[in-house]
Amino acid sequence: MNGEKDLEILLRSMRPKLSEIQFVFCNILRDKLTTLKMEPLFVFREEEGATIIIEKRQADSESLDYEDVWSWIALTVHSSLSAIGFLAAITAKLSENRISVNVVSAYFHDHLFVPQEKARLAMQVLDDLQRRK
């Protein structure tokens, strides 16, 4: 089950899917991970603590601190972890449109977190990029 590596195929078939759920990024102490009443969507442990991506409503119920609210766009094409240029092409187009993005790559798909207020514009940018390839 190898993922796609060809840049043109990836861009043509990325099929972005926007979640309607609001997400936030939080930094918590690693030992607090075990006391959370829910499971975060994503966890990455760093020396300074654990970064989690969690639904906003869950973060609010746990009284977790966060700065911004993010929308999740899944790129539903099965991309290879070794693909070259796929995310660079996407982030460049989003940057041209003044949209910040945080990327999470998983085994099957890449995931984009964009500011909630720019989610629809991000989808338009991605749709345009997909149609041009």
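The values are calculated or read from the model by the stated rules, or taken from the named source; none is laboratory data. Bear in mind that the values here come from a model prediction, so they are computed numbers and not experimental data. When we count neighbours, we look across all protein chains shown, and the Cβ atoms used for this are built from the backbone with ideal geometry, even at glycine.
Descriptive notes on the structure:
- Selection status of S71, within 23 Å of N27 (Cβ to Cβ) and in a loop (DSSP other than H, G, I, E, B): no
This table checks each residue for (1) crowded, with 16+ Cβ neighbours inside 10 Å; (2) touching a Lys or Arg at 6+ places or on another chain (Cβ under 9 Å).
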| position | (1), (2) |
| --- | --- |
| N2 | no, no |
| L10 | yes, yes |
| C26 | yes, no |
| D31 | no, no |
| R45 | no, yes |
| D60 | no, no |
| S63 | no, no |
| L75 | yes, yes |
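Listed here are the residues, each with its yes/no results for (1) in contact with a His (Cβ under 6 Å, 6 or more places away or on another chain); (2) assigned to a strand (DSSP E or B); (3) surrounded by fewer than 17 Cβ atoms within 10 Å (Cβ to Cβ); (4) among the polar types (S, T, N, Q).
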position	(1), (2), (3), (4)
L81	no, no, yes, no
T91	no, no, yes, yes
Y107	no, no, yes, no
K118	no, no, no, no
L121	no, no, yes, no
D128	no, no, yes, no
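- Condition met for A59 (hydrophobic (A, V, I, L, M, F, W, C), modelled with pLDDT of 95 or more and touching a Cys at 6+ places or on another chain (Cβ under 9 Å)): yes
- Under the condition of being in contact (Cβ under 8 Å) with a residue 12 or more places away in the chain, assigned to a strand (DSSP E or B), over 26 Å from L94 (Cα atoms) and not small (G, A, S), the residues counted in segment 11-67 number 2.
- Complete set of residues in segment 55-67 that are closer than 14 Å to I21 by Cα and either under 17 Å from the mean Cα position of the chain (by Cα) or charged (D, E, K, R) (or both): E55, K56, R57, D60
- Hey, I99 aliphatic (A, V, I, L, M), assigned to a loop (DSSP other than H, G, I, E, B) and exposed (fewer than 13 other Cβ atoms within 10 Å of the Cβ) or not: no
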